[in-house]
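K.L.:
Quick one: the structure is below, and I'll ask about it shortly.
What follows is calculated from the coordinates using simple rules that are stated; it is not laboratory data. Owing to the predicted nature of the structure, the values given are computational and were not obtained by experimental measurement. Cβ placement follows ideal geometry from the backbone for every residue including glycine, while neighbour counts extend to all protein chains displayed.
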Amino acid sequence: MADLHIQINRDKGGIAGQIASELRDSIRGGRLTPGTRLPATRDLATDLQVSRGVVVEAYEQLVAEGFLVSRVGVGTQVTLKTASRAAPRQKTPPRPRPVRRASSALASAPPYYGHRPTSPDLSHFPRERWLAAVRHVLTTVPSEAFDYGDPGGVPELREELAGYLRRVRAADVRPENLVIVGGVAQGLSLVLHVLSRQRPVRLAVEDPTSHRQAPLLRRAGAHLVPVPVDEEGLDVRKLSGDAVLVTPAHQYPTGVVLSPPRRAALMEWAYAGDRVILEDDYDAEFRFDRDPVGCLQGLAPDRVILSGSVSKALAPGLRLGWVAAPPDLAEAVRRARGELDLGSPVVEQYALAHFLRTGGYDKHLRRMRREYRRRRDALVRALAEEVPEVRVKGIDAGLHVYLELPAGWDEPRAARVAQELGLSAEPVGPMRESAGPAAVVVGFARLPAHKALDAVRGLKVRMSGQNVD
Ligand SMILES: Cc1ncc(COP(=O)(O)O)c(C=O)c1O
């Protein structure tokens, strides 16, 4: 049984988060080794003089992230997966086999459906505070700062982001692991360019997946291998390929979260065959029912390449994002960026660094999280009241809901009607490789809570009369 030395600062609040963070650091640092049993929640609560619920919350967080496993009769232990970091690795990955070129969903160019269901409410862009950040930059940085910058990003931003990702996403990053890019899309492109320079990459992708990504991934040199997604996220047993692209915090489009056993299985898969995991962390800051589950990268920083951006938190038009990768790969991505286009605009990078440093980013996120939660609740409630036959799937998170449609509802029509009612909506069919239930993705970010009921009633009326127009 581990003897834990956990320090908590009662003045800071968020005690469960502090305990989770101390435990996470101890596991990463090797002070808590794989298999170690943790004290019973009651005992640790007594030691720390906190309520038992607080310790339970901390343990649950780390179970969800894959650092701990909890079994009836055994208690809570450090997961064995950290041992697999040291397990012998297969140096030469299996030779890539030719793959069937994906047809239908993965092959076709995406149709245009107006606003994306994952886009934020742009009317809430913090114009004043962003202006203040840009003004601060323009009045303080030396003239030399406007020259070509480091293609990996301005050091001030990498420093701030590393701190932010460690704190908010439980990532295991330092500024030198980070490359600033023009969003998740460019981050994935660059990483795949680099990986496919060494050898052709057979990239496993979730099925269904964002239909916009397939052309981008192929253009970057990947051969796509669809792998089904179920209620627990990507079906890891069916994985094949040299690398995988996943949305573990909130699968797009189905909205499910990758379960703790699947997280562990995914790690094993990566370590067993010298494979990499590309983690698309596109909307992870928006979790409404609990703290966001830490990213996979924090569990295995030598295997996982994390990609995120400000597209959901601030605005996609800023085209600002990041890639966190092991040092060699981060350096290769930085060089590739230098060769490709010499890097991202520097003024915006300094402004984001200032925004992060002064707490503006966190404040904006807190405000938007509350607002989006209200909007999601209102939409889900209206659906349950008016059209209970429509099934809302996925966790309480993000900026979109995945709706399974009742028998007789046509996907493209449901999406079109939803758009006409002012919602951002897309049919899921074009995102699928294998057949699946009729479903649409609906974005709620731009739908004020007080308009949800009318929108849903409109949908109900128009869809029940679908055979007549
Ligand atoms: C699942 C998913 N990943 C990635 C992206 C791309 O994001 P970015 O704007 O950071 O390139 C999107 C954008 O809609 C998305 O929905």
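K.L.:
Quick check: from the Cα gyration tensor, does the range 198-255 come out rounded (a/c under 1.5), prolate or oblate? Walk me through the intermediate numbers first.
P.N.:
Values: a/c = 2.46, a/b = 1.45, b/c = 1.69.
It comes out oblate by the Cα gyration axes.
K.L.:
Name the residue from Pro200, Trp269, Ser143 whose Cα lies farthest towards the positive end of the charge dipole of the chain, charges +1 on Cβ of Lys and Arg and -1 on Cβ of Asp and Glu.
P.N.:
Pro200
K.L.:
Separate question: Where both residues lie in the chain, what percent of DSSP beta bridges are antiparallel, nearest 5? Provide the component values of the computation, followed by the final result.
P.N.:
Working: 28 of 46 bridges.
Just about 60 percent of them are antiparallel.
K.L.:
Okay, moving on. Rank-order 370-378, 29-37, 388-396 by packing density, defined as the average count of other C-beta atoms within 10 Å over each peptide's residues, highest first.
P.N.:
Values: 370-378: 18.1, 29-37: 13.6, 388-396: 16.1.
In decreasing order of mean packing, 370-378, 29-37, 388-396 become 370-378, 388-396, 29-37.
K.L.:
Follow-up. So for the range 369-464, taking the charge dipole from beta-carbon charges (+1 Lys/Arg, -1 Asp/Glu), which of Met431, Gly408, Leu383 sits furthest toward the positive end?
P.N.:
Towards the positive end, the residue furthest out is Leu383.
K.L.:
Something else about it: Would you be so kind as to identify which of Val69, Leu157, Gln419 lies farthest towards the positive end of the dipole of the chain, taking Lys and Arg as +1 and Asp and Glu as -1 on Cβ and the Cα centre as origin?
P.N.:
Value: Val69.
K.L.:
Given only helices, namely DSSP H runs of n ≥ 4 each adding -39500 (n - 2.57), what is the per-residue ellipticity at 222 nm of the chain, to the nearest 500 deg cm²/dmol? Spell out each step's value before the answer.
P.N.:
On the way: 15 runs with 185 residues, N = 469.
Value at 222 nm, helices only, nearest 500: -12500 deg cm²/dmol.
K.L.:
Based on Cβ point charges of +1 for Lys and Arg and -1 for Asp and Glu, what charge dipole magnitude is obtained for the chain about its Cα centre, in debye rounded to the nearest 20? The partial results should precede the final answer.
P.N.:
Values: 66 positive and 56 negative charges, 82 e Å.
In debye, rounded to 20, the chain gives about 400.
K.L.:
Next question. How large is the dipole of the range 15-79 about the Cα centre if only Lys and Arg carry +1 and Asp and Glu carry -1, each at its Cβ, rounded to the nearest 20 debye? Spell out each step's value before the answer.
P.N.:
Details: 7 positive and 7 negative charges, 38 e Å.
In total the dipole reaches around 180 debye.
K.L.:
Next question, about the same structure. Please label the shape of the chain as rounded, prolate or oblate, based on the square roots a ≥ b ≥ c of the eigenvalues of the alpha-carbon gyration tensor (a/c under 1.5 means rounded; beyond that, a/b larger than b/c means prolate, else oblate). Spell out each step's value before the answer.
P.N.:
Numbers: a/c = 1.24, a/b = 1.18, b/c = 1.06.
Note, shape of the chain comes out rounded.
K.L.:
Below 15 Å, Cα to Cα, which aspartates and glutamates can Lys393 reach? Residues fewer than 8 away in the same chain don't count.
P.N.:
Those aspartates and glutamates meeting the cut-off are Asp230, Glu231, Glu232, Asp289, Asp377, Glu404.
K.L.:
Using unit Cβ charges (K, R positive; D, E negative) and no other charged atoms, how large, in debye to the nearest 20, is the dipole of the range 220-344 about its Cα centre? Please list the in-between numbers first.
P.N.:
Values: 13 positive and 19 negative charges, 24 e Å.
Taking the Cα centre of the range 220-344 as origin, the dipole is about 120 debye.
K.L.:
Any chance you could list the semi-axes, whole Å, largest first, of the equivalent ellipsoid that the Cα gyration tensor gives for the range 140-180, using √(5λ)? Walk me through the numbers before you get to the answer.
P.N.:
Numbers: eigenvalues 109, 23, 6 Å².
Equivalent ellipsoid semi-axes, largest first: 23, 11, 5 Å.
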